[in-house]
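Everything below concerns the one structure shown next.
Only the coordinates and a few stated rules stand behind these numbers; no lab work does. What you see is a predicted model, and the numbers here were worked out from it, not measured in a lab. As a convention, Cβ positions derive from the backbone with ideal geometry for all residues, glycine included, and neighbour counts pool all protein chains shown.
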Amino acid sequence: MKSVTLKPKRDYSVRRRHPWVFSGAIAEGDAGAGDTVEVLSSEGEFLGYGSYSPSSQIRVRMTSFDRGRVPDAAFVESAVACSVGRRAGFFANAYTNAVRLVNAESDGLPGVVADFYAGWVVCQFTSAGAERWKREVAQALMKFAPFCRGVAERSDADVRAKEGLEARSGDAAFAVLEGEEPPELVEIAEGPCKFLVDVRRGHKTGFYLDQRDARAAVGALANGADVLNCFSYTGAFGLHARAAGAASVVQVDASADALELARRNEALAHACGTKVDYVEADVFAYLRKCRDEGRSFDMIVLDPPKFAESRSQVMKAARGYKDINLLAMKLLRPGGLLATFSCSGAMTEDLFDKVLAEASDDVHRDFQTVAATRQAADHPVALSFPEGFYLKGKILRSLT
Ligand code: SAH
């Protein structure tokens, strides 16, 4: 096995079990893409094993800090089995049959994401090490995921390019690794709702499982409300509000395909009196249009895509978050609720709070926080890997 030696005083984060070794911390040593290497301190002390990634800034992703636990096929199988085992509670309580089974670094499998949709598992492999072990990962998922019918791969072009991995797009990005081929759309259940998941062309692996708790929190407050669901994707927040007895729901998204699926998701639900409208529009423009027309709502959901890809974009992203929250705040009726989210990891909770406070200041309205949400429990964050925390949300009530 090849080894990589760190520069003096650059061993601190590995000793604290942080899983990333950046290229700048390495004094010498290299290996092939995905090879397992031994990581040594500048004094030659063993620190752990990791997977080498020659074209990435994150040159080594640590997989084991124990000399006796060499990352081999049995190691990978046991890591997957443990990760799936930690989700037993999800399968026992039956609120949903869609669960993230492996959450990458935080579950001890860097670069590996595996989402379970009603018997079908969809993986993403976003590092050279993950790519190297994907057969073993898929076999273990097939073996340990409950009632698993098939395991497929969706590769994410952007991240793979950074890792120097072959980037495939469109239907070529999808491949069955184990078992049967999943249907075009997989139907999942989440609390009172059902959703169709496009595992081939949908975002991420098809559905935003990470917002499950936030959708329940929004549902709990939506009875009787006129709800505006911005960045609706396939309508999940809006349909939870509908199931909870919202008076009306407007779903807004820029993607016609997402809205089409949202309509089909509504058709899967029990008939009720809630009127649901679908608007294909840019949310920024739509909020301005509502303002100009004097429209108002009891509840507004803002779940935008990532505005900041990295720390350098944070200030620009903060302006984006402020604009959009300010526009939404203006449309709230007195006592109305704003459920607002940021999935940019680089945007800290503190900064997000500050942005919301500034926006409320600018619109001269007082708000109180009634709930705070974060990525659901099947998207855990290792304490040694704070970078794994990205999704935060606030439900604010307007006091004026
Ligand atoms: N709330 C959703 C997930 C939202 S993902 C859920 O719980 O499932 C973000 C969505 O924003 C995507 O569907 C994307 O199409 C949409 N989007 C991105 N930029 C937009 C814009 N400027 N205006 C409208 N929609 C946009």
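By counting other Cβ atoms within 10 Å of each Cβ, how are Val355, Val112 ranked from fewest to most? The partial results should precede the final answer.
Details: Val355 23, Val112 28.
With the fewest neighbours first, Val355, Val112 line up as Val355, Val112.
Go through 178-185, 365-372, 302-309 and give me the packing order, highest mean Cβ count within 10 Å leading. Mind dumping the intermediate values first?
Values: 178-185: 15.8, 365-372: 14.0, 302-309: 18.0.
Highest mean packing first, the order is 302-309, 178-185, 365-372.
May I ask you to derive the FRET efficiency for Ser42 and Leu383 from their Cβ-Cβ distance with R0 = 22 Å, giving the value to the nearest 0.05? Intermediate values should be presented prior to the final figure.
Working: r = 26 Å, r/R0 = 1.18.
Calculated transfer efficiency: 0.25.
Could you sort out which of Lys143/Lys306; Lys162/Lys392; Lys134/Lys316; Lys2/Lys162; Lys162/Lys354; Lys2/Lys134 sit more than 30 Å apart by Cα distance in this structure?
Lys143/Lys306; Lys134/Lys316; Lys162/Lys354
Among rounded, prolate and oblate, which fits the stretch 248-303 when a ≥ b ≥ c are the square roots of the eigenvalues of its C-alpha gyration tensor, a/c under 1.5 means rounded, and a/b larger than b/c means prolate? Can you show the working numbers first?
Working: a/c = 2.60, a/b = 1.42, b/c = 1.83.
In terms of gyration-tensor shape, oblate.
Let me understand the stretch 283-333 better: what is its radius of gyration from the alpha carbons, and its Dmax, in angstrom?
Calculated on Cα positions, Rg and Dmax stand at 12.3, 37 Å.
Determine the relative contact order of the chain: mean sequence separation of Cα pairs under 8 Å and six or more apart, normalised by residue count, in whole percent.
Details: 888 pairs, mean separation 43.4, N = 400.
About 11 percent, as a whole number.
State the antiparallel share, in %, of DSSP beta bridges confined to the stretch 247-400, rounding to the nearest 5. Mind dumping the intermediate values first?
On the way: 13 of 24 bridges.
Within the stretch 247-400, antiparallel bridges account for around 55 percent of the total.
Rounded to the nearest 20 debye, what is the charge dipole size of the chain about its Cα centre when +1 sits on each Lys and Arg Cβ and -1 on each Asp and Glu Cβ?
For this selection, approximately 660 debye.
Take the alpha carbon gyration tensor of the stretch 42-171, find the square roots of its eigenvalues, order them as a ≥ b ≥ c, and report rounded if a/c is under 1.5; if not, report prolate when a/b exceeds b/c, else oblate. Intermediate values should be presented prior to the final figure.
Details: a/c = 2.34, a/b = 1.34, b/c = 1.74.
Taking the square roots of the gyration eigenvalues as a ≥ b ≥ c, the stretch 42-171 is oblate.
Compare the peptides 62-68, 168-174, 95-101, 321-327 by average per-residue count of other Cβ atoms within 10 angstrom and give them in order, highest first. Don't skip to the answer; put the middle values down first.
On the way: 62-68: 15.3, 168-174: 12.1, 95-101: 22.1, 321-327: 20.3.
Top to bottom by mean Cβ count within 10 Å: 95-101, 321-327, 62-68, 168-174.
Please compute the volume of the convex hull spanned by the alpha-carbon atoms of the chain and report it per residue in Å³.
Normalising the Cα hull of the chain by residue number yields 134 Å³.
About its Cα centre, how strong a charge dipole does the stretch 175-299 have in debye, to the nearest 20, once Lys and Arg get +1 and Asp and Glu get -1 at the Cβ? Please list the in-between numbers first.
On the way: 14 positive and 20 negative charges, 84 e Å.
In total the dipole reaches around 400 debye.
For the stretch 187-307, restrict the atom set to alpha-carbon positions and state the Rg and Dmax in Å.
13.4, 40
Sort all Cα-Cα distances of the stretch 1-93 into consecutive 10 angstrom bins from zero, then give the percent of pairs in each bin up to the one containing the longest distance.
In order of increasing distance, the bins hold 17, 45, 24, 11, 3, 0 percent.
How many nm is it between the label spots at Val159 and Lys306, if each spot is 7 Å from the Cα in line with the beta carbon?
Here the answer is 0.8 nm between the modelled labels.
Treat the stretch 71-121 as a sphere of radius equal to its Kirkwood radius over Cα pairs and apply Stokes-Einstein at 20 °C in a medium of 1.002 mPa s; give the translational diffusion coefficient in µm²/s, rounded to a whole number. Spell out each step's value before the answer.
Details: Rh = 11.3 Å.
Reported coefficient: 189 µm²/s.
Go ahead and estimate [θ] at 222 nm for the chain from helices alone: -39,500 (n - 2.57) per DSSP H run with n ≥ 4, summed, over the residue count, rounded to 500. Write out the running numbers ahead of the final one.
Values: 12 runs with 117 residues, N = 400.
When only DSSP H runs of four or more count, the value is -8500 deg cm²/dmol.
Quick check: pseudo-label points 7 Å beyond the Cα along Cα→Cβ at Met315 and Ala88, how many nm apart are they?
5.1
Aspartates and glutamates near Lys275 by alpha-carbon distance under 19 Å, same-chain residues fewer than 8 away left out - which ones?
Cα-Cα hits under 19 Å: Asp226, Asp253, Glu260, Glu266, Asp298.
Looking at the square roots a ≥ b ≥ c of the eigenvalues of the Cα gyration tensor of the stretch 246-400, which shape do they give, rounded for a/c under 1.5, prolate if a/b is larger than b/c, or oblate?
Working: a/c = 1.64, a/b = 1.23, b/c = 1.33.
Taking the square roots of the gyration eigenvalues as a ≥ b ≥ c, the stretch 246-400 is oblate.
May I ask you to order 262-271, 120-129 by the average number of other C-beta atoms within 10 Å around their residues, highest value first? Display every interim value, and only then the final one.
Details: 262-271: 15.1, 120-129: 25.8.
Sorting 262-271, 120-129 by mean packing, highest first, produces 120-129, 262-271.
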